[in-house]
1. Using 7 Å Cα-to-Cβ label points, what is the B:ASP282/B:THR14 separation (nm, one decimal)?
2. Principal axis extents for segment B:42-178, Cα atoms only, whole Å, descending order, please.
3. Could you give the size of the charge dipole of segment B:19-101 about its Cα centre, using +1 on the Cβ of each K and R and -1 on the Cβ of each D and E, expressed in debye and rounded to the nearest 20?
4. With contacts defined as alpha carbon pairs under 8 Å and 6 or more residues apart, what's the relative contact order of chain B in percent?
5. Please give the direction-averaged projected area of the C-alpha convex hull for segment B:24-97, in square nanometres with one decimal.
6. If amide H atoms are built 1.01 Å from N in the plane of the peptide, which residues on other chains or at least 5 residues away come under 5 Å of the amide H of B:THR191?
7. DSSP loop trypsin sites (Lys or Arg not before Pro) in chain A with at most 14 other Cβ atoms within 10 Å of their Cβ, which ones?
8. Show me the ranking of peptides B:438-450, B:201-213, B:382-394, B:56-68 by mean Cβ neighbours inside 10 Å, starting with the highest.
Amino acid sequence: MEITTQDILKLADLARLELTPDEVASLTTQLPKIVDYVSHLQAIDATIVPEVTTPTENLRADIAVPATNTEAILAQAPERAERLWRVDAVFS
Amino acid sequence: MSYRTISDVHAALTAKDVSTVELVQASLERIHETDKDLGAFLRVRDIVLDEAAATDKRIAGGEPLRLLDGVTLAVKDNMAINGEVVTAASKILEHYKAVVTATAVDRLRQQGALVIGKTNLDEFAMGASTENSAFQKTKNPWNTALVPGGSSGGSAVAVASDQTLVSIGSDTGGSIRQPASFTNVVGFKPTYGRISRFGLLSLASSLDQIGPFTHTVDDAARMYMVMAGQDDNDATTSARTVEAITFGAKADVQNMRIGLPKEFFGEGIDPAVAKVVMDAADVYKKLGATIVEVSLPHARDALAAYYIIQPAETSSNLARYDGIRYGLSKREGQGLINIYKQSRDAGFGQEVKRRIMVGTFSLSAGYTDAFYHQAVMVRSLIHEEFDQVFDQVDILLTPTSPTTAFPLGARTADPLTMYLADLLTVPANLANIPAMSLPGGFADNLPVGIQLMAKEWDEASIFRAGQAFQQVTDWHTKQPN
């Protein structure tokens with residue numbers, strides 16, 4: 001399958017990765033090889049079985065409880081303003 | 001002073017031949033002597049000496065031994081201990097301090113296990129050689145020019161080189177079993193949902209499981225029983241009762257039906273590795289088991305399905321590392337999106353970026369049905385084939401890895417050759433079933449692991465078969481020089 005430099009840049013944008021030109025170049029050669037390797041699955045007729053999903057048999061009641069480690073969590077913030085995380089403006 | 005099993009340690013503690021503090025000191029000294037060459041540990045916990053002193057005080061006060069008192073434990077550095085650094089061997093978390101303790105770690109400590117330190121891994125557990133760590137490479141104690149396997153390479157080496165008695169790792173596609181195979185220790189991945197993933201830094205949430213590394217099957221069973229069981233902090237843990245694993249004087253495999261799935265032999269499998277597995281089959285035959293050839297027609301497609309599903313889940317799970325709330329943050333550009341992009345670029349290594357890109361591809365508009373959804377359906381098909389095969393046999397016996405340990409650097413240039421190391425281990429993750437690697441013999445003086453798999457929730461059959469094997473063989477007693 002052909003994957004162009006433009007495709008790589010588009011995927012990197014979706015993945016929120018700022019890639020260096022070297023990384024773009026190596027991914028432009030590596031990604032098609034990986035995609036080609038996994039593509040043979042498309043020839044398999046797997047519609048004959050029911051889809052297996054991850055079991056979640058252990059759901060708790062949805063009750064709010066006070067957090068006890070708020071300060072430990074906020075202490076990790078690269079930039080904070082009291083009890084808030086500080087970020088750049090979303091809209092400029 | 002070197003103890004190989006939990007029962008050896010308990011006998012010595014009971015006889016007052018050794019104290020817990022002395023056991024911990026011996027472990028720390030061993031790490032000090034050997035880890036410059038091996039690189040298994042990212043951090044050692046000095047506070048563990050105080051924890052050991054507290055245990056000695058309990059024992060002196062007449063308290064009975066807890067299940068894991070005196071047991072030195074190494075923990076893969078993708079599991080959290082509250083207030084302590086946990087990095088997943090990634091620069092993006094280099095200074096991150098955990099705000100919870102992983103349930104599995106907590107349960108082991110409640111029974112007295114002493115966490116000596118945190119071990120190296122492939123960054124976020126992505127790799128099969130422990131070469132993808134942002135911090136250091138771990139070497140194989142059998143030959144330091146070779147990789148220890150991965151991604152839990154540090155935890156495997158800690159046990160293989162007697163730095164700690166036991167350790168824990170995580171297994172998403174073979175990350176416990178393959179390094180166990182490369183280093184001559186026991187590595188066990190339980191049924192998906194058996195051990196809580198709470199406090200494990202997620203790689204692929206539908207596949208990740210925590211499990212032990214030990215010298216013996218008996219010790220793996222002891223650690224498994226302590227860690228297993230429902231946890232309110234992980235909705236995928238099962239409420240099923242954890243069956244007590246007991247062997248009596250002799251583990252019995254009389255009348256056990258053992259399947260050799262033909263897809264796990266042949267092309268791509270080193271004949272010397274296959275021979276070790278066939279020799280193990282003969283051991284089981286002599287013990288009274290029935291050996292049957294079986295087939296899992298799509299087992300060889302598991303690797304391709306895995307390398308779609310795992311990156312897809314990873315690209316989603318790793319979206320949380322954005323430079324805003326914790327971890328490395330780059331704020332040189334303008335605007336929120338540039339904080340994300342620059343922080344992730346600076347914080348993630350090459351393999352992590354590659355998998356995020358593959359995952360983003362298979363989940364992007366126009367490709368989801370052909371790639372991600374088709375892979376989920378092939379996973380379902382493989383699950384069904386395992387169900388059917390376990391109507392015919394009790395356990396499956398295969399090689400753990402297609403080869404023995406390979407040289408450092410041999411597979412880093414071509415990601416696909418590295419992915420092939422997972423060929424025989426990913427089927428168990430896709431099928432949610434329990435699987436163990438245990439020392440089965442040697443090929444060219446390097447350890448070869450044999451893999452046992454059983455149906456979902458039937459860990460007991462694996463432990464029974466593993467114990468029976470260790471009762472009549474001595475491969476697990478062989479140590480690197």
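Where a number appears in this text, it was derived from the coordinates with a stated rule and is not lab data. Remember, predicted model here, so these are calculated numbers, not experimental data. Please note: Cβ atoms are built from the backbone with ideal geometry, for glycine as well, and neighbour counts cover all protein chains shown.
1. 3.9 nm
2. So the three principal-axis extents are 47, 34, 25 Å.
3. Numbers: 10 positive and 14 negative charges, 61 e Å.
That gives a dipole near 300 debye.
4. 17 percent
5. The number I arrive at for segment B:24-97 is 5.9 nm².
6. B:TRP457
7. A:ARG60, A:ARG83, A:ARG86
8. Packing proxy ranking, top to bottom: B:201-213, B:438-450, B:382-394, B:56-68.
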